[in-house]
1. Going residue by residue through the stretch 164-179, is there one that turns out to be touching an Asp or Glu at 6+ places or on another chain (Cβ under 6 Å), on the phi < 0 side of the Ramachandran plot and within 16 Å of the ligand (Cβ to nearest atom)?
2. Would you confirm, using the coordinates I've provided, whether GLU198 is open to solvent by 60 Å² or more (accessible area, probe 1.4 Å), charged (D, E, K, R), away from the ligand (no atom under 14 Å from the Cβ) and under 30 Å from SER100 (Cα atoms)?
3. Looking for something under 27 Å from GLY194 (Cβ atoms), part of a helix (DSSP H, G or I) and in contact with an Asp or Glu (Cβ under 9 Å, 6 or more places away or on another chain) - is there at least one such residue anywhere in the stretch 45-54?
4. Quick one: which of LEU152, LEU167, LEU184 is farther than 15 Å from CYS125 by Cβ, over 16 Å from the mean Cα position of the chain (by Cα) and of a type in the set (A, V, I, L, M, F, W, C)?
5. Of the residues LYS127, LYS47, which is basic (Lys, Arg), at pLDDT 95 or above, open to solvent by 50 Å² or more (accessible area, probe 1.4 Å) and out of contact with any Cys (no Cβ under 7 Å at 6 or more places or on another chain)?
6. Conditions first: (1) more than 9 Å from the ligand (Cβ to nearest atom); (2) surrounded by 14 or more Cβ atoms within 10 Å (Cβ to Cβ). ASN137 passes all but one, so which condition is the exception?
7. Between ASP161, ASP146, ASP101, ASP157, which is open to solvent by 50 Å² or more (accessible area, probe 1.4 Å) and within 16 Å of the ligand (Cβ to nearest atom)?
Amino acid sequence: MKLILLGAPGAGKGTQSDFIKSALKVPVISTGNLLREAIALGTDLGKQAKAYMDGGNLVPDQLIIDLMKEKLQSSDCANGAILDGFPRTVAQAEALQSFSDVDIALSFEVPDEAIVHRMAGRRTCLKCHSVYHVENNPPKVEGVCDKCGEALTIRRDDNPDVVLQRLNVYHEQTEPVKHYYEQLGKLRSVEGVGEVEEIRDRIFAVLGLSV
Ligand SMILES: [Zn+2]
């Protein structure tokens with residue numbers, strides 16, 4: 001099965017993609033791990049990508065698409081793949097569809113306010129990089145890292161204004177991609193609010209998988 005995950009940053013895609021990956025026994029491919037792997041393997045495309053990155057430049061869309069094509073046609077993906085964070089634009093979706101038929105584009109529906117709330121409760125230790133949450137995973141002593149005793153901080157990226165800004169950009173980019181898959185009859189939506197296991201069960205029902 002070739003599956004695309006669409007969901008805002010903070011919508012919980014990472015956790016759920018682990019469940020889906022285990023059930024389907026297919027790899028999760030993100031643009032980041034695709035680039036890292038190609039560079040580590042030293043493929044032609046990987047070398048090209050490395051040259052852009054070493055120069056502090058963004059890797060061009062076409063190169064990402066070529067890397068994706070190479071990966072999806074490799075034996076790793078013989079049983080399918082889960083794409084996370086790609087395609088981001090309709091142009092990328094069209095390019096993908098030209099060499100690989102997607103089965104389902106699964107959209108995680110989480111209200112922006114819920115994501116802002118989740119992120120606003122995060123507390124990070126800048127020293128040892130532990131992450132806590134004031135409600136779901138609080139430190140033993142408020143404001144202090146359990147592991148190293150450092151004072152916890154709210155990362156700038158987790159501030160409500162910054163999160164909302166990122167969500168706006170996400171929606172602007174992603175709505176057309178959702179529409180594209182809707183027209184192909186491949187879009188499925190899952191409500192991404194609730195307990196992790198509840199959300200997993202909803203996803204598995206949509207995908208026709210057993211837990
Ligand atoms: Zn710490």
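1. No; the residues of the stretch 164-179 include none that is touching an Asp or Glu at 6+ places or on another chain (Cβ under 6 Å), on the phi < 0 side of the Ramachandran plot and within 16 Å of the ligand (Cβ to nearest atom).
2. Values: open to solvent by 60 Å² or more (accessible area, probe 1.4 Å): yes; charged (D, E, K, R): yes; away from the ligand (no atom under 14 Å from the Cβ): yes; under 30 Å from SER100 (Cα atoms): no.
So GLU198 fails the test.
3. No, that holds for no residue.
4. LEU184
5. Numbers: LYS127 fails: out of contact with any Cys (no Cβ under 7 Å at 6 or more places or on another chain).
Of the residues listed, the single one that is basic (Lys, Arg), at pLDDT 95 or above, open to solvent by 50 Å² or more (accessible area, probe 1.4 Å) and out of contact with any Cys (no Cβ under 7 Å at 6 or more places or on another chain) is LYS47.
6. With respect to (1) more than 9 Å from the ligand (Cβ to nearest atom); (2) surrounded by 14 or more Cβ atoms within 10 Å (Cβ to Cβ), ASN137 is out only on (2).
7. Working: ASP161 fails: within 16 Å of the ligand (Cβ to nearest atom); ASP101 fails: within 16 Å of the ligand (Cβ to nearest atom); ASP157 fails: within 16 Å of the ligand (Cβ to nearest atom).
Going through ASP161, ASP146, ASP101, ASP157 in turn, just one is open to solvent by 50 Å² or more (accessible area, probe 1.4 Å) and within 16 Å of the ligand (Cβ to nearest atom): ASP146.
The values are calculated or read from the model by the stated rules, or taken from the named source; none is laboratory data. All values reported here derive from a predicted model rather than from experimental measurement. Please note: Cβ atoms are built from the backbone with ideal geometry, for glycine as well, and neighbour counts cover all protein chains shown. To get the accessible areas, we keep the full protein, side chains included, count just its heavy atoms, and leave off ligands, DNA and RNA. Shrake-Rupley method; radii C 1.70, N 1.55, O 1.52, S 1.80 Å.
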